[in-house]
Amino acid sequence: MGACMEKNPFRIYCKNCGAPIGFDIVRQSYRCRSCGSQSGIEEEKRIVHCWREWKRQETREMGEMDALLECACSSCGARLLLPAGEEPENCDFCGSRLVRGEFREKERLPELIIPFLLTEDEARERMRRWARERRGRAEGRAILSHMDSFRGYYLPCCLMRGPVSAGVSRCGKHRSYFCRGYLDGSAVNASRQLDKLPLNEIEPFDWTAAEGFSYGFIAGQRVKLCDLSGRELNARISEEAAEEFRPEVERVMQTGGVSLSVNTGEMTILSALLPIYFICAGSFSAVMNGQSGRISVTRERGKERSHWTAEAAVYTLLASFLLGYLFRFDLSGLLLFGLLFGCLFFSLMGATDFSLLQRIADRAEKRGERRERGSLENPFDNTPVFYERSGRGELIPVRPCFYNPIRLLEIFFKAAALIFLPLLLALSLRILRDGMQLQSISSLHPGRGLIWYLLSFFLCMFYFTKGVREDAYEHPILYELLPSGRKRLIGSHSSRSLSPLAVFSEAGDGGEIGGRGLIPAFRAMGGAGIPAALLLLLLLLGSTAAIMIPAL
């Protein structure tokens with residue numbers, strides 16, 4: 001019962017040595033780094049369940065709560081608990097009339113609370129100073145003109161902590177991955193009235209300072225109760241878990257634009273109150289973390305973030321200047337090829353990538369006015385662990401890699417070999433016939449393979465925009481994570497190989513590119529595969545013969 005009486009059930013300690021323990025994602029258990037003991041997920045959930053039942057019983061016996069005044073907004077639906085003697089006429093969130101009543105629903109009270117560390121006077125002065133430093137911007141002027149609306153509230157949230165799993169795929173691609181990770185104290189806004197963007201930006205909170213809820217913490221303070229239905233709250237929890245998990249997944253996947261399907265069934269979720277100071281004026285909002293003093297301001301202005309336009313422009317310039325060099329930088333030819341390459345790259349990349357219109361949040365630097373120095377951190381690495389099926393059908397932990405020096409060298413080597421294939425064939429045949437005779441080799445005419453060079457060059461450009469840029473994620477390089485901590489390369493070379501000629505497989509049913517042999521690639525084209533193969537073969541043989549034929 002001693003563990004259940006802990007003030008904060010998210011403070012997890014070793015039952016043997018008392019040291020803080022963390023979650024080992026690979027082993028899916030809580031482990032102590034000091035003594036090596038471990039406990040399962042179910043054991044920790046049992047402790048939290050025991051604590052929750054004890055806390056509910058304690059809350060039901062709180063007699064002080066009967067004196068609280070509850071107010072409900074007739075417009076936005078906010079449910080507020082106000083200190084005795086404070087009787088505001090209007091809602092602090094929307095300005096509408098408040099309806100007063102007695103508080104009777106103790107079961108709606110939270111389980112945890114993070115106390116205010118900044119007094120209202122300290123917070124007001126910090127907000128005013130922050131705005132004065134930005135007086136020349138619209139956000140600073142808006143804060144200074146609405147300082148009379150500055151309020152401090154305990155706002156409702158749900159605290160998530162525990163293991164999480166997710167299905168991961170890159171947007172627009174076929175292959176999916178499975179991974180597991182750990183979220184260590186993420187808050188979900190349980191209020192309809194305030195925008196979640198600024199609330200997210202004032203995190204993190206120090207959850208080791210959280211206490212079990214009691215009346216003494218909210219005496220003389222304003223409190224907002226959760227006004228979301230169970231379905232709405234569950235949807236927000238899933239959405240927030242995905243957003244919290246996304247940056248770690250994108251770091252491992254080495255790309256943005258991933259799609260997540262998150263399972264939060266193993267997580268522990270507790271209701272809590274967060275100390276927040278805020279200004280709410282229409283679409284403008286400014287919020288401050290009442291524990292750390294961090295400030296975030298949102299404004300109704302967007303910025304378009306394009307992941308692909310710069311890359312398309314670089315490819316266009318490189319390809320244009322490469323062919324411009326062959327044509328001795330003739331201006332008309334350079335402009336013609338630049339226009340052609342621009343249409344090619346921008347259409348290919350724009351069709352598969354996306355732009356994101358984001359609202360902008362200004363925020364202060366991370367600061368922490370902590371009464372107690374030092375925070376309890378998870379001693380294990382929270383990097384998501386990916387899993388793949390082994391030959392025996394078992395899930396094994398792996399670390400995917402999509403680009404490494406060997407793969408990049410292989411890609412460029414294959415592209416160069418494809419472009420200059422007629423010249424390489426002609427050179428090989430001439431050496432086989434005449435040996436390493438300089439006169440025989442110098443009699444070759446490389447310029448006669450121009451048609452093949454141009455065709456294969458455009459094919460390689462398509463390969464670099466589609467095969468390398470996207471479909472490396474369809475055929476990852478996988479390293480198994482061994483119990484010793486070392487990594488071992490798994491899978492066959494063909495399973496992670498990319499080939500320029502494999503772009504023809506896009507016409508197949510699977511729609512995948514790369515990682516296939518030449519014959520399967522043409523077979524994937526169906527009825528058009530044989531004519532395409534014959535055409536390329538004739539063009540290759542003709543270019544090779546033209547290079548070898550002596551000048552007339």
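The values are calculated or read from the model by the stated rules, or taken from the named source; none is laboratory data. These numbers were taken from a predicted model, which means no experiment stands behind them. In this analysis, Cβ positions are derived from the backbone assuming ideal geometry, glycine residues included, and neighbour counts consider all displayed protein chains.
General remarks:
- Residue list for the stretch 167-196, restricted to those being under 23 Å from R496 (Cα atoms) and either touching a Leu at 6+ places or on another chain (Cβ under 8 Å) or in a loop (DSSP other than H, G, I, E, B) (or both): G167, V168, C171, G172, K173, H174, R175, F178
- Residue-level analysis places C179 among those that are of a type outside the set (D, E, K, R) and either crowded, with 20+ Cβ neighbours inside 10 Å or modelled with pLDDT of 85 or more (or both).
- Cross-chain or 6+ apart pairs with Cβ under 9 Å, the stretch 146-159 first and under 22 Å from S283 (Cβ atoms), then surrounded by fewer than 17 Cβ atoms within 10 Å (Cβ to Cβ) and at pLDDT below 90: H146/A281; S149/A281
- Looking across the stretch 78-111, just one residue is exposed (fewer than 15 other Cβ atoms within 10 Å of the Cβ), of a type in the set (A, V, I, L, M) and assigned to a loop (DSSP other than H, G, I, E, B), and that is A84.
- Number of residues in the stretch 242-272 that are surrounded by fewer than 18 Cβ atoms within 10 Å (Cβ to Cβ), under 15 Å from P163 (Cα atoms) and among the polar types (S, T, N, Q) equals 2.
- If the condition is being of a type in the set (K, R) and over 26 Å from L482 (Cα atoms), then the stretch 13-56 contributes K15, K45, R46, R52, K55, R56.
- Near pairs, Cβ below 7 angstrom, 6+ apart or cross-chain, from the stretch 42-57 (charged (D, E, K, R)) to any residue that is modelled with pLDDT under 80: E44/I12
- Checking G230, G257, G290 one by one, the residue that is under 28 Å from E53 (Cα atoms) and not β-branched (V, I, T) is G230 and no other.
- Taking the stretch 52-94 as the range and being on the phi > 0 side of the Ramachandran plot and at pLDDT 80 or above as the test, only G77 passes.
- Residue in the stretch 198-214 that is within 30 Å of R126 (Cα to Cα), among the aromatic types (F, W, Y) and not in a helix (DSSP H, G or I) present: yes
A quick yes/no check of all residues on (1) in contact with a His (Cβ under 8 Å, 6 or more places away or on another chain); (2) on the phi > 0 side of the Ramachandran plot; (3) surrounded by 17 or more Cβ atoms within 10 Å (Cβ to Cβ); (4) not assigned by TED's automatic domain parsing to the domain that holds V249:
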site: P397; (1), (2), (3), (4): no, no, yes, yes
site: A416; (1), (2), (3), (4): no, no, no, yes
site: S443; (1), (2), (3), (4): no, no, no, yes
site: G485; (1), (2), (3), (4): no, yes, no, yes
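- No other residue among A242, A272, A286 is part of a helix (DSSP H, G or I) and either at pLDDT 85 or above or not basic (K, R) (or both) apart from A242.
- Helices (runs of 4 or more DSSP H) (entirely within the stretch 390-469) containing at least 1 residues that are modelled with pLDDT under 80: 438-442, 450-462
- Residue check for E232: of a type outside the set (S, T, N, Q), within 30 Å of E42 (Cα to Cα) and in a helix (DSSP H, G or I): yes
- Meets criteria (in a helix (DSSP H, G or I), farther than 30 Å from I396 by Cα and modelled with pLDDT of 70 or more) for A528: no
- Residue list for the stretch 245-269, restricted to those being in a strand (DSSP E or B) and either without any contact (Cβ under 8 Å) to a residue 60 or more places away in the chain or among the β-branched types (V, I, T) (or both): V258, V262, T268, I269
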